[in-house]
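Read the structure below first, then the notes.
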Number of protein chains: 2
Amino acid sequence: MFLSELIPVRDAFRILDENQRSTETETLNLLYAHKRVLAEDLKARFDSPPFDRSAMDGYAVRAEDTFGSSPENPSRFTVTDSIGAGDVSDVDVDRGEAVKIATGAPIPRGADAVVMEEYTVSSGSEISVVRPVFPGENVSPAGEDFRAGDTVLSKGTLLRPAEIAMAASAGYSQLRVYKKPSVKVIITGNELMEPSADLEPGKIPNSNLYTLKALVESAGGDAEVSHAPDDMDIIVDEIRGAVKEHDMVITTGGTAVSRGDVVVDAVDSLGDVLFHGVAMRPGKPVAFGIVEGKPVFMLSGYPVAAMVQFDVLARYYLLRMQHLDYSHRTVKRRCLGKVASGPGRTEYVRANADNGTVKPVQSRGSGIIRSMVESNAYIVIDENLEGIAEGEECEVLLFDSMTL
Amino acid sequence: MFLSELIPVRDAFRILDENQRSTETETLNLLYAHKRVLAEDLKARFDSPPFDRSAMDGYAVRAEDTFGSSPENPSRFTVTDSIGAGDVSDVDVDRGEAVKIATGAPIPRGADAVVMEEYTVSSGSEISVVRPVFPGENVSPAGEDFRAGDTVLSKGTLLRPAEIAMAASAGYSQLRVYKKPSVKVIITGNELMEPSADLEPGKIPNSNLYTLKALVESAGGDAEVSHAPDDMDIIVDEIRGAVKEHDMVITTGGTAVSRGDVVVDAVDSLGDVLFHGVAMRPGKPVAFGIVEGKPVFMLSGYPVAAMVQFDVLARYYLLRMQHLDYSHRTVKRRCLGKVASGPGRTEYVRANADNGTVKPVQSRGSGIIRSMVESNAYIVIDENLEGIAEGEECEVLLFDSMTL
């Protein structure tokens, strides 16, 4: 089964969007929520800080009692209590009174400022203050960061360390998040064997097995990997089993147009092949289908083609599967070389970008893994362009922008 | 114990560099090596590809036998064998002979090109070729990607998916890598309690526990977290136990200059405090020491200060601990606002950067977690500058550039 017309990349994305599946939710302890996506709007359970807090170690006072204070003319206070961090005090601070207070402790009633310890002189139960404070000085007011009921994080937010801090501060130690997509990776090819020093004649190392696992992880998924021979019945069985237990299936090998197309035929027999062949380079012989409601990406056996197909299509889908508002966001860079490109296909040129420029990597064959090792970005050349002149601005997709 | 002079940020980095510790090596299956750092130079165990491979499904022939072929004047060949992927053939391809060959299969002796299947017409054991091929056409020559003995990956390389592919292709399913740093995180503060809807009076949620775990993970470490009260004996015991079992210790709380400084005193009693107080904002009250040969970072209790101190100092150290050639690499962006800054301290201004510009985040208090949620970068203002004018270029440290 081969859809003989290559479809443009934009049509491939449209088909992916129309068939986007998403993961369910689960409740996780906040300790394990890093890099997950929030599945609920989070409303603060209290003000933050929850009370007027002292921002310094010192003495809580009524600010007006310190007005005019100086080393020559200090104001005097009676110390009536002491509040450590985590403690509370019942005393009211009246005129001429002070309460010793630690950083983070709640300001006692009546007080409206904190005099830093170094601007006081202590003698017994009395202190002298040698410098005035203004009302509110050294006080973090309740609700300064957020108010009870505020939506502090929205559904769909990726939880970086700062968002983890925010969730905890808002009173949550458990969060409703989206599950990590579980991905079954099936590497096909009789010519593949486990990497070792002893290659059998005609065999090559199975690099895709390891690469696809890492690629799936870099996009927030969990991968289970296996190797299948180029045998229609076995591959049908593998895919039939995989769609029962996983959210997504990725295969490599057996998609080339003129070959047996064993994988594409297998998917066609089990479900629907929605595209086969995309006008992109490298990576043209890529297919996508749905089996039992689950997405199946059929990538090339060539390592570089498989990586590019993953990055362009499967990664996009996998990130969106986690309810992230992801799309490939390119940046502009000045191209340090001339890049030829045929019209009618989108080129993903392996390249090395810095803050202002991008340099295409020389070797462009689908077998040249070195070219990916040397790259940190793709130059994306639209199907309507005929290459890029040296010094011209071009669109660049940074690898760093494509991971969680 | 307080080193009363704040040291410049560059001196803090110098002290960290002089006291840099590194993790040991371990051997890992390549399946688990993603984001690890390679601890050996990797030499290819064979050529890649290991033999001249067919790049297409078709027929292996001697190219000169096809010269002049056309649909009107096809050249005829006797098919003497068939080679599937993973197979080998013993036949020699003589003049007028062809061997059916699959993509990825080794080119048989005598042949030097592959005619694509679609340019042939088959009848019984004979084929007609309707188009000439040049010598080497549709053949991936042995060693095209790399040669046996080539150093394909160097010690110290971060293993992204492409490097995983390279290691497998070079014949390795096991790699010598550096261990992940094991980090003990000790959060101090009597005022902290587990986040929940029911805050006790005077208490605040312990957000640092969760945040520091995520921060350590984002820098490639494994974190074990605990909460300790502001009690000298307990903290001394915790740190003494932690340095026996972990590669690094991070504390939060108890570093403020005028407070009990319980953590800094504890480290001082167990080992050496090498700095306490850095001329940076936010994050001035940060300390670093060595206990039993292990690094101890003492961060603030304030969540934002702790995050900035982690990013600037502990993250730098933790990434280098894994033998990565890491330093904070800033990029230039045009600043969309005016930023005030006092000379004599390095400012890390929370900010939101895009490809060309950076916008400082408004709220700058150390308690305002929201400000970190709104940020994806720091504007770094050198201690010799007095702020940035609107529209001026400034140095920006992108969060994305600081993670594995």
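Please report, ordered by residue number, the strands (runs of 3 or more DSSP E) entirely within segment A:334-404 with at least 2 residues that are of a type in the set (D, E, K, R).
Output list reads A:346-353, A:393-398.
Test each condition in (1) under 28 Å from B:Asp47 (Cα atoms); (2) touching an Asp or Glu at 6+ places or on another chain (Cβ under 7 Å) for A:Met232 and report the one that comes out false.
Failed condition: (1).
Among (1) in contact with a strand residue (DSSP E or B) (Cβ under 7 Å, 6 or more places away or on another chain); (2) buried (at least 23 other Cβ atoms within 10 Å of the Cβ), where does A:Asn138 come up short?
Only one criterion is unmet by A:Asn138, namely (2).
One residue is enough: does segment B:169-191 have a residue meeting the conditions within 7 Å of chain A (Cβ to nearest Cβ) and not in a loop (DSSP other than H, G, I, E, B)?
Yes, the conditions are met somewhere in segment B:169-191.
Scan segment B:41-61 residue by residue and report those that are closer than 29 Å to B:Gly96 by Cβ, within 11 Å of another protein chain (Cβ to nearest Cβ) and not in a loop (DSSP other than H, G, I, E, B).
Passing the criteria: B:Arg53, B:Ser54, B:Gly58.
Report whether or not A:Glu64 is outside the structural domain of A:Ser173 (by TED's automatic domain parsing) and assigned to a helix (DSSP H, G or I).
So A:Glu64 passes the test.
Checking the condition more than 24 Å from B:Asp230 (Cβ to Cβ), under 48 Å from the mean Cα position of the chain (by Cα) and among the β-branched types (Val, Ile, Thr), which residue from A:Val133, A:Val99 passes?
A:Val133
Search segment A:267-310 for residues being assigned to a helix (DSSP H, G or I) and of a type in the set (A, V, I, L, M, F, W, C), and hand back the single one that is surrounded by the fewest Cβ atoms within 10 Å (Cβ to Cβ).
Step by step, filter segment A:267-310, then rank; the result is A:Leu270.
Is it the case that B:Ser122 is among the polar types (S, T, N, Q) and within 11 Å of chain A (Cβ to nearest Cβ)?
Against the criterion (among the polar types (S, T, N, Q) and within 11 Å of chain A (Cβ to nearest Cβ)), B:Ser122 does not qualify.
Return the residues of segment B:137-168 that are touching a Lys or Arg at 6+ places or on another chain (Cβ under 6 Å), at the interface with chain A (Cβ under 9 Å from one of its Cβ atoms), more than 18 Å from B:His323 (Cβ to Cβ) and modelled with pLDDT of 95 or more; say none if nothing qualifies.
none
Considering every residue within segment A:248-266, establish whether at least one is modelled with pLDDT of 95 or more, at the interface with chain B (Cβ under 9 Å from one of its Cβ atoms) and surrounded by fewer than 24 Cβ atoms within 10 Å (Cβ to Cβ).
Looking for residues that are modelled with pLDDT of 95 or more, at the interface with chain B (Cβ under 9 Å from one of its Cβ atoms) and surrounded by fewer than 24 Cβ atoms within 10 Å (Cβ to Cβ), one finds none in segment A:248-266, hence no.
Only one of A:Glu200, A:Glu194 is surrounded by fewer than 22 Cβ atoms within 10 Å (Cβ to Cβ), under 30 Å from A:Tyr302 (Cβ atoms) and free of Cβ contacts under 8 Å to residues at least 12 places away in the same chain; which?
Residue meeting the stated conditions: A:Glu200.
Exactly one of these conditions fails for B:Val263: (1) touching a Gly at 6+ places or on another chain (Cβ under 6 Å); (2) assigned to a helix (DSSP H, G or I); (3) without any contact (Cβ under 8 Å) to a residue 60 or more places away in the chain. Give me its number.
Checking B:Val263 against (1) touching a Gly at 6+ places or on another chain (Cβ under 6 Å); (2) assigned to a helix (DSSP H, G or I); (3) without any contact (Cβ under 8 Å) to a residue 60 or more places away in the chain, the one that fails is (3).
Kindly evaluate A:Leu209 against the criterion of being modelled with pLDDT of 95 or more and outside the structural domain of A:Arg160 (by TED's automatic domain parsing).
In short, yes.
For the condition under 22 Å from the mean Cα position of the chain (by Cα) and without any contact (Cβ under 8 Å) to a residue 24 or more places away in the chain, what is the one hit in A:Ser327, A:Ser363?
Just one listed residue meets the conditions, A:Ser327.
Residue-wise test of (1) of a type outside the set (A, V, I, L, M); (2) surrounded by fewer than 17 Cβ atoms within 10 Å (Cβ to Cβ).
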position	(1), (2)
B:Tyr326	yes, no
B:Gly344	yes, yes
B:Val361	no, no
B:Ala377	no, no
B:Glu392	yes, yes
B:Glu395	yes, no
B:Phe399	yes, no
B:Thr403	yes, no
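The values are calculated or read from the model by the stated rules, or taken from the named source; none is laboratory data. Remember, predicted model here, so these are calculated numbers, not experimental data. For neighbour counting, all protein chains shown are included, and Cβ atoms are generated from backbone atoms with ideal geometry for every residue, glycine included.
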